[in-house]
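*Asks:* Quick one: the structure is below, questions incoming.
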Amino acid sequence: MPDNEPRRSLDEIARLGTEAIERYVQPARRPEDEDKFVAIDVDTGDYELDEDDYAAVTRLHARRPLAEIWLGRIGQPQAYKIRRGR
């Protein structure tokens, strides 16, 4: 199996990612972090914050190339909102 294939289901990564954000990111949260993206390694809790989602994921991936990364957003229940057209 190639190293870049997920070791877990998407549901499991989502659950672990949400738990990791609550455990590692929320306690260290500052007011200026509101609405920033958080890319988090679901195994280690290592994370990156940035206003740009790609930048956060890229920096974390550079440090942890084999990480299973979950993307969230500080102060929001999900990273993105999909709106229905008019």
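Read-outs throughout are calculated quantities, based only on the coordinates presented, and are distinct from any laboratory measurement. Note that this is a predicted model, so its numbers are computed, not measured. With ideal geometry, Cβ positions are generated from the backbone for all residues, glycine too; neighbour counts draw on all protein chains shown.
*Asks:* State whether one or more residues within the range 51-72 are on the phi > 0 side of the Ramachandran plot and within 10 Å of the chain's Cα centre (by Cα).
*Replies:* Step one: of the range 51-72, the residues on the phi > 0 side of the Ramachandran plot are none.
There is no residue in the range 51-72 that is on the phi > 0 side of the Ramachandran plot and within 10 Å of the chain's Cα centre (by Cα).
*Asks:* Across the range 21-48, what is the number of residues that are part of a strand (DSSP E or B), more than 15 Å from TYR80 (Cα to Cα) and not hydroxyl-bearing (Ser, Thr, Tyr)? Can you show your working first?
*Replies:* Our first condition is that a residue be part of a strand (DSSP E or B); within the range 21-48, this holds for 37-41, 47-48.
Of the ones still in play, those that are also more than 15 Å from TYR80 (Cα to Cα) are 40-41, 47-48.
From what's left, not hydroxyl-bearing (Ser, Thr, Tyr): 40-41, 48.
Here the count works out to 3.
*Asks:* Also: What are the residues in the range 35-52 that are buried (at least 17 other Cβ atoms within 10 Å of the Cβ), of a type in the set (D, E, K, R) and closer than 21 Å to ARG8 by Cβ, if any?
*Replies:* Within the range 35-52, ASP41, GLU48 qualify.
*Asks:* Name the residues in the range 55-86 that are surrounded by 11 or more Cβ atoms within 10 Å (Cβ to Cβ), assigned to a helix (DSSP H, G or I) and out of contact with any Leu (no Cβ under 9 Å at 6 or more places or on another chain), would you?
*Replies:* ALA55, THR58, ARG59, LEU60, HIS61, ARG63 - these are the residues of the range 55-86 that are surrounded by 11 or more Cβ atoms within 10 Å (Cβ to Cβ), assigned to a helix (DSSP H, G or I) and out of contact with any Leu (no Cβ under 9 Å at 6 or more places or on another chain).
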